[in-house]
Every structure is written in C-alpha cells, then in structure tokens.
Amino acid sequence: GWGTLLDHEGRLILPARIVFDVENAGPGELSCTIDGIEIPVETLPDGKLRLYISGDNLSAGEHDLDLTWSSLTVVQCPRSAFVTGQQAADRVMLTGRGLAAAQAGEAAHFTIDASDAPAGRPEVILVHQDNTAVPVSLAQPRPNEAIWLASYTPQKSSSGPLTLSVKWNGRLIKGCPLTVAVGSSMDASKVICSGEGLKHGIVGKDIKSWIDTRRAGPGELTAHCAGPRKVAYCELYDHGDATFTLNIKPQEPGRHLLTIKYGGQNVPGSPFPLKVAGAPDASKVRVYGPGIEHGVLATFQSRFICDTRGAGAGQLTVRVRGPKGAFRVEMQRESQKDRTILCKYDPTEPGDYRVEVKWAGEFVPGSPFPVMIFDTEEELRRFLQGI
C-alpha cells in the first residue's frame with residue numbers, strides 16, 4: 001500500500017497519514033523518526049496503529065525517514081520523506097496597502113512575514129501590463145526575524161494596474177499574483193463605508209462600522225462623532241491592508257453626526273446622521289390597568305398598558321402564567337414609534353395567574369404581578385379581606 005503515498009523517486013510525500021495492521025506482526029512497538037525527531041504513534045480502537053506526519057516545521061526538500069517494528073526496518077518502507085516547497089510558501093503572510101494600490105511617483109510598501117515558514121528568502125516580481133519591471137527593494141529591519149519590508153515606486157499610472165508576484169524558495173505565495181491599482185492622486189470618493197454603525201446604536205455599547213480605503217490612494221483617515229451635548233469617543237483600528245474598523249462609544253443618547261474624512265475630504269455619505277438610543281433601564285417602565293389587578297371572571301378586564309417612554313432601547317416581553325389553555329396573550333401599539341404598548345390576555349377560567357413583564361431581559365417595577373380571578377364577587381371580597 002506504499003505506492004499511493006510515494007513520489008516518483010520513492011519518497012514519502014508529506015503531509016502523510018498512514019494506518020498499519022500489526023495483527024500478525026507479533027509483539028513489538030512501532031517507531032518512526034524524521035531527521036531523528038520521533039513522531040508519535042496513535043493506537044486505534046480496532047488495534048491498528050496510525051501515524052500522522054504533518055511536515056510542519058520542516059524545510060522544503062528531502063528528509064531522512066526511519067520506520068521500525070521492534071528495531072527492525074518495516075518491509076518496503078521508504079527511507080526518505082519529501083516536503084514540497086509550496087507547503088512552505090503557504091505559511092508566508094503578506095500585509096500592507098501596497099498589495100492593492102499605489103500612487104504614481106510615491107513610494108508604496110507591504111510586509112512579507114515568514115515567521116512560520118522554513119528558512120528561505122522572498123523573491124518579488126512587479127511588472128506593468130507591458131511586462132516592464134518595477135524595481136522593488138527588500139529590507140529586513142531585524143536580521144534575526146524572518147520579516148521583510150518591500151518598497152516600490154511606480155512611475156506612471158496611465159499604463160494600467162501592476163501585477164505583483166511574491167515567491168518563497170521559488171514557489172508562489174498563496175493568493176499571488178496580485179493586481180495593484182495605480183492612481184494619480186488621493187480620491188476620497190473611492191472610500192467605501194459600511195455597517196449598521198453608520199445608522200444607529202445604543203449608549204454603553206460599541207457602535208461598529210467598516211471603512212475600505214484600498215482604492216482611494218494614500219491619505220489620512222479621520223472620524224469625528226458629535227452628540228447633542230457631548231463628543232463621542234471614536235477609535236480606528238488599522239487592519240494593515242488599508243481597511244479599518246471604526247468603533248464609536250457615545251456618552252449620551254440622541255441624534256449624533258458622524259463625520260468621516262479621507263485626506264481632509266468627506267467620504268461618500270459623510271456626515272452620517274446617527275441615532276443613538278439610551279441604555280435600557282427597566283426601572284423607567286410603568287405598567288398599569290385592570291389586567292394586573294384581582295377580579296371576577298365574568299366581568300374581568302384583562303387589558304393593561306406598558307409605558308416604555310424614557311426606558312431606553314430594549315425589547316418588551318410579557319409572559320402570563322395560569323391555568324393551561326385558559327388565556328392567550330395579545331400585544332399591540334398604534335405605530336412603530338409608539339412607546340406605549342397595550343396588552344391583554346382574556347382568561348377563560350378562574351384561578352391563580354401571574355403576569356411577568358420584562359424590559360431588555362429585566363423585570364420592570366412591580367413585576368411579576370400576582371392576579372387572582374374568582375367565580376363570584378363574594379370569593380373576591382373574602383380574598384381581599386383576608387378571610
């Protein structure tokens with residue numbers, strides 16, 4: 001069964017997962033090493049042994065393989081293993097604005113991080129559409145770290161985008177070749193802003209949105225958010241690829257104005273009107289009406305009103321507990337903007353009911369409300385008098 005695991009030179013291709021049937025091999029122990037490093041062997045429930053050789057932390061190329069059973073070499077076992085260069089190249093990470101956009105006559109940069117890759121050196125090829133090469137310089141800020149800063153300066157924008165290829169030990173890095181747009185100047189109209197955080201939010205919670213400046217050229221990104229009386233705290237997180245996350249932390253409810261500028265110019269949609277609701281406060285909800293008071297079934301009015309004005313942003317939940325199948329809860333309001341909700345539950349049997357009202361998951365004042373419904377006025381009177 002070795003044939004499917006080997007290359008044309010008889011070397012084991014890594015990564016490899018191999019299962020061994022040792023039922024007829026007699027007593028012994030399976031041992032495997034790569035370049036003298038022991039590889040753990042797993043015993044399966046059916047008694048077979050499984051070996052997984054990932055190839056991680058191995059440089060591209062050939063490595064010594066030793067596979068024995070009780071110190072005897074396993075029959076027809078390959079004596080070497082091979083790690084492809086592509087596997088190593090896939091561990092190299094590229095980041096930076098220069099991977100996606102550059103401006104004619106201005107230096108552009110990106111970073112090559114090979115910290116998790118085997119030893120090697122990057123190779124960068126950058127060309128125009130007519131295959132004219134663009135010089136790229138590589139600098140290693142810290143010689144003991146496998147991180148390079150690549151820099152280049154395109155001289156013309158009229159010839160179209162550039163094609164960028166980065167190789168590691170002769171193999172293309174994952175995602176390459178890349179297309180790099182070359183612009184003539186900063187263009188704030190090319191900035192893209194998205195996310196619910198451009199429309200609304202709640203005091204006490206981060207309001208998030210996303211900003212993409214990859215096609216806008218080099219420029220400074222700024223954000224400012226002003227409330228009715230106070231300025232909201234704005235935080236821009238740079239992802240390293242010319243995209244950003246904007247976190248806004250408002251200090252007060254009310255209408256805010258969010259201004260996002262790039263290179264001193266408003267981006268499309270800026271300034272954004274931002275509605276900020278107050279943090280939920282269940283203590284501000286008022287519940288009143290005959291539906292939360294004791295009564296007689298024949299004349300009982302189950303309606304009650306929940307007034308959520310001033311309670312901030314939240315969701316009203318009403319739960320009625322009582323005789324099974326004896327009621328159905330209904331809730332309604334005149335409009336979506338109405339903060340007063342009419343509730344009713346129309347009981348069909350006498351008994352012990354309990355009305356639970358919550359705002360944003362918290363009980364409102366007085367909730368849960370105990371409600372006793374009787375068959376007769378006499379029973380109600382006796383209950384109220386504690387007889």
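The values are calculated or read from the model by the stated rules, or taken from the named source; none is laboratory data. Nothing here was measured: the structure is a model prediction, and the numbers come from that model. All Cβ positions, even for glycine, are placed from backbone atoms using ideal geometry, and neighbour counts span all protein chains on display. Just the protein is used for accessible areas: all its heavy atoms, side chains included, with ligands, DNA and RNA removed. Shrake-Rupley method; radii C 1.70, N 1.55, O 1.52, S 1.80 Å.
Quickly run through the range 250-279 and pick out the residues that are more than 14 Å from G219 (Cβ to Cβ), open to solvent by less than 20 Å² (accessible area, probe 1.4 Å) and of a type in the set (A, V, I, L, M).
Of everything in the range 250-279, those that are more than 14 Å from G219 (Cβ to Cβ), open to solvent by less than 20 Å² (accessible area, probe 1.4 Å) and of a type in the set (A, V, I, L, M) turn out to be L258, L274, V276.
Has the range 182-197 got any residue that is within 30 Å of G310 (Cβ to Cβ), in contact with a strand residue (DSSP E or B) (Cβ under 8 Å, 6 or more places away or on another chain), exposed (fewer than 14 other Cβ atoms within 10 Å of the Cβ) and in the same structural domain as N266 (by the TED database)?
yes
Okay, residues lined up against (1) part of a loop (DSSP other than H, G, I, E, B); (2) of a type outside the set (A, V, I, L, M, F, W, C); (3) at pLDDT below 85; (4) closer than 30 Å to A117 by Cβ:
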residue	(1), (2), (3), (4)
I18	no, no, no, yes
E23	yes, yes, no, no
R50	no, yes, no, yes
H63	no, yes, no, yes
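Would it be correct to say that T243 is free of Cβ contacts under 8 Å to residues at least 40 places away in the same chain and hydroxyl-bearing (S, T, Y)?
On the way: free of Cβ contacts under 8 Å to residues at least 40 places away in the same chain: yes; hydroxyl-bearing (S, T, Y): yes.
Yes: the conditions hold for T243.
Output the residues belonging to the range 15-54 that are of a type in the set (G, A, S) and exposed (fewer than 11 other Cβ atoms within 10 Å of the Cβ).
Hits for the range 15-54 are G26, G36, G47.
Might you check whether a residue that is closer than 30 Å to A216 by Cβ and either among the basic types (K, R) or touching a strand residue (DSSP E or B) at 6+ places or on another chain (Cβ under 9 Å) (or both) occurs anywhere in the range 61-74?
Checked against the condition, which is being closer than 30 Å to A216 by Cβ and either among the basic types (K, R) or touching a strand residue (DSSP E or B) at 6+ places or on another chain (Cβ under 9 Å) (or both), the range 61-74 yields no hits at all.
For the range 76-91, name all the residues that are at pLDDT below 85 and touching a strand residue (DSSP E or B) at 6+ places or on another chain (Cβ under 9 Å). Even if it seems obvious, please write down each step before you answer.
If we filter the range 76-91 for residues that are at pLDDT below 85, which is where we start, we get 76, 82-91.
If the condition is that a residue be at pLDDT below 85 and touching a strand residue (DSSP E or B) at 6+ places or on another chain (Cβ under 9 Å), then F82, V83, T84, G85, Q86, Q87, A88, A89, D90, R91 are the ones that fit.
Give the range 110-122 a look and list any residue that's touching a Lys or Arg at 6+ places or on another chain (Cβ under 7 Å) and open to solvent by 30 Å² or more (accessible area, probe 1.4 Å), or say none.
Passing the criteria: only D116.
Being within 11 Å of I292 (Cβ to Cβ) and touching a Ser or Thr at 6+ places or on another chain (Cβ under 8 Å), is that true of even one residue in the range 349-356? Let's see the steps before the verdict.
Kept after step one, since they are within 11 Å of I292 (Cβ to Cβ), are these residues of the range 349-356: 353-356.
After this cut, where a residue has to be touching a Ser or Thr at 6+ places or on another chain (Cβ under 8 Å) as well, the list is 355-356.
Within the range 349-356, one or more residues are within 11 Å of I292 (Cβ to Cβ) and touching a Ser or Thr at 6+ places or on another chain (Cβ under 8 Å).
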